[in-house]
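Shown next, in structure tokens, is the structure this report addresses.
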Amino acid sequence: MPDQQDLDALVVGAGFGGIYQLKQLLDLNLDVKLIDIAEDAGGTWHWNRYPGAMSDTESYLYRYSWDDDDLKSYPWHRTYLQGPEILEYLQHVVTRWNLRQHMQFKTELTGARWDDAAGRWIVGTSTGQTFRPKYLVTALGLLSRQNLPKIPGLDTFKGELCHTARWPQDLKLEGKRVGVIGNGSTGVQLITAIAKQVKQLVCFQRTPQYSVPSGDKEIDKEYRKDLNEKYPEIWKQAKESAFAFGFEESSRPTFSVSDEERDRIFEEAWQTGGGFRFMFETFGDISTDEAANDACAEFIRRKIRETVKDPETARKLQPTDYHARRPLCDSGYYQQFNRDNVDLIDLKETPITEITPDGIKLSNGDVVELDVIAFATGFDAVDGNYTRVLIEGRDGHTLKDHWDEVGPTSYLGVSVPKFPNMFMILGPNGPFTNLPPTIETQVEFITELISIAEKGGPVRIDGAVTNGHTNGSTNGHAHAESNGYTDGDTHAEGNGTNGVKPASPSLIEASSEAEEEWTDTCDKLSAGSLFRKTDSWIFGSNVPGKKPAVMFYFGGLANYRKVLGEVTEGGLKGFRQF
Ligand code: FAD
Ligand code: NA7
């Protein structure tokens with residue numbers, strides 16, 4: 001007898017998104033379970049345990065906003081959080097709200113199929129269990145699926161080889177010769193953290209990056225007291241801003257000020273620290289205007305030249321393309337290249353040809369001998385964790401086929417047509433921001449959708465009964481009257497086993513028209529951005545074979561929240577409820 005369990009909702013993923021979603025659905029009195037491949041909760045911060053792992057959102061905003069007591073009392077000591085502290089914080093939240101009893105770890109979602117007759121998702125897992133939830137909420141992470149380049153000879157290396165997102169906890173680096181491939185946010189953090197520990201550090205750099213100081217420093221009691229008093233305004237400001245990084249984005253054009261004033265503004269931002277602040281608090285056109293971007297880029301290039309003593313190394317470290325990847329910040333990255341034990345290899349000049357038992361072979365025939373090779377090569381971002389499992393919606397339509405056809409799309413980053421009652425947290429085309437405030441926004445929106453579906457039938461908002469079927473009639477589904485599905489589907493009532501309430505929920509899914517419109521909106525909003533002209537994970541152009549695509553809503557969190565408000569107040573505009 002196969003191990004089957006009916007549930008109201010299954011949440012997949014125990015990071016920031018899944019943890020809050022689980023809590024919200026339990027608060028609705030639903031029968032919910034959460035599964036994760038990992039051994040415990042933490043998501044990103046469970047997996048990314050490399051030395052130097054740190055959030056580049058300031059500590060006061062890289063957390064949940066909804067638990068006021070915890071917000072004010074949970075201890076932290078610096079303006080930025082180290083990875084282990086974030087992991088501890090998330091586990092603390094799980095314990096504080098007694099959530100672990102609803103979580104099952106070491107359990108991978110291996111496939112999911114919508115069963116129209118049962119009105120449930122049939123979810124297969126690595127443990128052999130099958131879950132049959134009415135709602136499937138996926139919080140699989142947008143920077144979660146590793147990108148490990150297929151370099152010839154990978155398996156032949158005699159030393160230790162690892163990806164930063166699977167860092168072995170017992171790996172000792174002292175006295176070792178370590179190679180780091182990649183210098184994005186992760187590589188920059190790793191290199192900065194380990195340069196002083198290792199015997200020799202060789203940094204394999206393909207594209208140089210712009211990085212500014214983080215400004216990380218200890219906080220005192222006064223700082224925290226002041227913050228605690230201002231938290232309501234702080235969250236309000238963050239949620240009403242574009243990037244939710246805790247500052248007001250500038251609208252001042254770069255060339256509206258004199259050269260001296262511009263330099264002063266950049267210098268002040270350099271001293272304050274923070275990658276997003278440097279790019280978006282200084283001037284309003286750095287990510288859209290080529291000349292403005294170059295002024296900003298040149299300021300950072302000058303800092304690199306001033307910091308790095310060897311002119312040849314300084315030359316290699318200076319980017320020449322747009323400053324238009326996710327902005328980085330560091331705790332002394334460029335300074336590491338003044339150390340005698342740190343070398344830089346420019347892979348554009350001498351690409352890697354293979355990995356040998358002893359190290360990394362370059363196109364000029366040199367073999368760099370190493371004890372450890374660390375891949376800081378990033379992620380198959382956003383859709384990577386979705387397309388590797390088979391998720392089959394109505395009419396045998398799979399998510400992979402859908403996205404192969406039209407690119408990784410969705411309506412509002414949460415819902416895809418033909419995938420009823422499946423909701424994604426941080427799915428494609430969600431806002432590009434500091435993520436916890438966006439995650440909270442999406443979780444609360446999904447919870448509202450599920451609560452509407454649970455009621456069945458017409459949508460009730462603020463006591464008003466509205467129709468809610470904006471597109472329902474276009475594809476032959478009859479409008480719901482009271483039970484939510486009068487279109488002949490043989491939805492099973494809850495079977496009464498495992499304590500599942502016999503409910504008559506309705507089904508909610510995005511309409512194709514709404515998805516197309518949202519995709520078009522995201523396309524238009526990013527059209528003028530230099531980010532789109534620059535290869536990185538943000539537009540899916542970092543993984544060989546992956547088709548570049550628009551994967552984010554660049555309209556900012558404030559506008560996104562406005563759109564969600566209009567959707568719920570407008571009777572689930574863009575969704576079909578049946
Ligand atoms: P995750 O935390 O990625 O959790 C997803 C979970 O889903 C994982 O535990 C995974 O095991 C599980 N999972 C995936 N597929 C399956 C499956 N098939 N079956 C079962 N379980 C599955 N964001 C910021 O806003 N600010 C920062 O400073 C910042 N710094 C970052 C630094 C690093 C090194 C990285 C990698 C990311 C950073 N991010 C940052 C992004 C970060 O991912 C988000 O802030 C946030 O943690 C995402 O939470 P999540 O719950 O959506 O996903
Ligand atoms: P990123 O930003 O995608 O950086 C990956 C780095 O790895 C980048 O320097 C890449 O060079 C390099 N890379 C990738 N593949 C290769 C191969 N095959 N050979 C050499 N170098 C390679 O990932 P991160 O983990 O640093 O950061 C991702 C996000 O996580 C970050 O933005 C934060 O939000 C947290 P490239 O630039 O492609 O030439």
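The values are calculated or read from the model by the stated rules, or taken from the named source; none is laboratory data. This one's a predicted model, so the numbers in the text were calculated from it and none came from an experiment. Reconstructed Cβ throughout: ideal geometry from the backbone, glycine too, with neighbour counts over all protein chains shown. Just so you know, the surface numbers come from the protein's heavy atoms only, side chains and all, with ligands and any DNA or RNA stripped out. Shrake-Rupley method; radii C 1.70, N 1.55, O 1.52, S 1.80 Å.
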Inset, instruction - Heads up, I need the accessible area for residue 134: 1.4 angstrom probe, whole protein in place, Å², nearest 10. - result: 10 Å²
Inset, instruction - For region 280-293, just list the computed ³J(HN,Hα) in residue order, Karplus coefficients 6.51, -1.76 and 1.60, θ = phi - 60°, integers in Hz, with x standing in for Gly and Pro. - result: 10, 8, 7, 9, x, 10, 5, 8, 10, 10, 4, 5, 5, 4
Inset, instruction - Just report the Cα centroid separation between region 282-297 and region 378-456, whole Å. - result: 33 Å
Legend entry - Furthest towards positive pole of dipole, 148, 344, 126, structure part the chain, Cβ charges: 344
Inset, instruction - Considering the options 266, 353, 376, tell which one lies farthest towards the positive end of the dipole of region 238-391, charges being +1 on Lys and Arg and -1 on Asp and Glu at the Cβ, about the Cα centre. - result: 376
Legend entry - Using alpha-carbon coordinates, inclination of helix 259-272 to the longest axis of the chain, degrees: 70 degrees
Inset, instruction - Give the long-range amide H neighbours of residue 7: residues separated by 5 or more places, or on another chain, with amide H under 5 Å away, using H modelled in the peptide plane at 1.01 Å from N. - result: 132, 134
Inset, instruction - May I ask for the net charge around residue 241, where only other residues with Cβ less than 14 Å from the Cβ of residue 241 are counted and Lys, Arg are +1 while Asp, Glu are -1? - result: -1
Inset, instruction - Provide, for q = 0.14 Å⁻¹, the log10 of I(q)/I(0) from a solvent-free Debye sum over equal Cα point scatterers in region 211-375. - result: -0.89
Inset, instruction - Can you tell me the relative contact order of the chain? Whole percent, Cα pairs under 8 Å, sequence separation 6 or more. - result: 18 percent
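How much length, in nm to one decimal, is gained on full extension between residue 388 and residue 223, taken as 0.36 nm per residue of separation minus their Cα-Cα distance? Numbers along the way, then the final one.
On the way: separation 165, 0.36 × 165 = 59.40 nm, distance 4.50 nm.
Computed gain between residue 388 and residue 223 is 54.9 nm.
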Inset, instruction - Could you tell me the distance between the Cα centroids of region 118-162 and region 199-231, to the nearest Å? - result: 31 Å
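So what's the projected area for the chain, the Cα convex hull averaged over all directions, in nm²?
Directional mean of the projected Cα hull area for the chain stands at 27.3 nm².
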Inset, instruction - Could you calculate the contour length gain from residue 401 to residue 78, that is, 0.36 nm times the residue separation minus the distance between their Cα atoms, to one decimal place in nm? - result: 111.7 nm
Legend entry - Other-chain or far-sequence residues with amide H under 5 Å of residue 378's (modelled H): 147
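Compute the Cα gyration tensor for region 299-445, then decide on rounded, prolate or oblate, letting a ≥ b ≥ c be the square roots of its eigenvalues: rounded whenever a/c is under 1.5, prolate when a/b is larger than b/c in the other cases, and oblate in all that remain. Write down the numbers at each step before the final one.
Working: a/c = 3.16, a/b = 1.87, b/c = 1.69.
Here region 299-445 falls in the prolate category.
If each DSSP helix of 4+ residues adds -39,500 (n - 2.57) and the sum is divided by the residues in the chain, what number results at 222 nm, nearest 500 deg cm²/dmol?
Values: 15 runs with 172 residues, N = 578.
It lands at -9000 deg cm²/dmol.
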Legend entry - Unsatisfied cross-links (Cα-Cα over 29 Å) in the set 199/361; 106/524; 172/547; 23/236: 106/524; 172/547
Inset, instruction - For region 99-167, state what percent of all Cα-Cα pairs lands in each successive 5 Å bin, counting from 0 Å until the bin that includes the largest distance. - result: 3, 11, 15, 18, 14, 12, 10, 8, 5, 2, 1
Inset, instruction - Calculate, for region 273-392, the solvent-accessible area per residue in square angstrom, rolling a 1.4 angstrom probe over the heavy atoms of the protein chains. - result: 38 Å²
Inset, instruction - Scan around residue 201 for amide H atoms under 5 Å from its own, H built in the peptide plane at 1.01 Å from N, and keep only partners 5 or more places away or cross-chain. - result: 178, 342, 343
Inset, instruction - Could you check how much of the accessible area of the chain is carbon and sulfur, as a whole percent, using a 1.4 Å probe? - result: 48 percent
Inset, instruction - Round to the nearest 10 and give me the degree value, 0 to 90, for the angle of helix 221-239's Cα axis relative to the longest principal axis of the chain. - result: 60 degrees
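Kindly state, to the nearest 0.05, the FRET efficiency for residue 527 paired with residue 343, given R0 = 30 Å and r defined as their beta-carbon distance.
On the way: r = 41 Å, r/R0 = 1.36.
Computed FRET efficiency for residue 527 and residue 343 comes out at 0.15.
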Inset, instruction - Figure the gain on full extension for residue 113 and residue 3 (residue separation times 0.36 nm, minus the Cα-Cα span) and round it to one decimal in nm. - result: 38.0 nm
Inset, instruction - Measure off 7 Å from each Cα along the Cα-to-Cβ vector at residue 302 and residue 320, then give the distance between these two points in nanometres to one decimal. - result: 2.1 nm
Inset, instruction - Quick one: work out the % antiparallel among DSSP beta bridges in region 211-375, nearest 5. - result: 65 percent
Legend entry - On Cα atoms only, tilt of 185-194 relative to the major axis of the chain in degrees: 50 degrees
Legend entry - Estimated Rh, region 114-216: Kirkwood, alpha-carbon pairs, angstrom: 17.8 Å
